[in-house]
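Inspection log for the structure reproduced underneath, given as structure tokens.
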Amino acid sequence: MPPSPGSSAGASSPGFLFCRFCGERHEIGVARCPACARSVSATAVTGIDPKLAAVLCRASIIASVAIPVAPLAVPAIVWVVGTDNAGIVREAKSALNCHITMIVAWVLSLVIAGVGFLLLIGPLIAGGLVAAIFIYSIVVGILGLIASVQDRPFTYPLAIPFIK
């Protein structure tokens, strides 16, 4: 039985939970998830908001413009914290795949700059790749955040699925 609103336990815990399978928000006292109809006791619900997890993962893509490697920690932490929810894990994996793809693009631009330096066109090509990575990060991050606000699923374009 859920704690009463006036009790101290009710004040410290949220009045809702999220289904670990579909991520739907529901009240503490319900027997079944309203979206997927699975038993609440069988789904092992969690108090992590899947929408917040999606926003954090998608915003980390924009943060990679300023700090290329450090934002990898955000989806990794979201994945560890939201292990109970398949939707959160799926979002964290896709954000990590996007980050890894951008790191590979950074490394390729450095290799092209180094090899092409002898031809004097390497820095130009590498500069173009770096600019493309910046633009990709900003555009994909904004599109992902818009999809979060509209509560739509989002797939990162051109991201290589390293983590399945």
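Which of the residues spanning segment 116-127 are among the aliphatic types (A, V, I, L, M) and at pLDDT 75 or above? Once the filter is applied, which keeps residues that are among the aliphatic types (A, V, I, L, M) and at pLDDT 75 or above, segment 116-127 yields Leu124, Ile125, Ala126.
Within segment 23-37, if we keep just the residues that are surrounded by 13 or more Cβ atoms within 10 Å (Cβ to Cβ) and modelled with pLDDT under 75, the residue that is farthest from Gly87 (Cα to Cα) turns out to be Ile28.
Filter segment 72-86 for residues that are buried (at least 18 other Cβ atoms within 10 Å of the Cβ) and at pLDDT 85 or above; which is farthest from the chain's Cα centre (by Cα)?
Across segment 72-86, the extreme among qualifying residues is Leu72.
Only one entry of Val149, Val107, Val130 meets the criterion of being more than 17 Å from Ala59 (Cβ to Cβ), modelled with pLDDT of 80 or more and exposed (fewer than 12 other Cβ atoms within 10 Å of the Cβ), and that entry is Val107.
The values are calculated or read from the model by the stated rules, or taken from the named source; none is laboratory data. Here the structure is a predicted model, which is why all the values come from computation and not from measurement. Backbone-built Cβ (ideal geometry, glycine too); neighbour counts: all protein chains shown.
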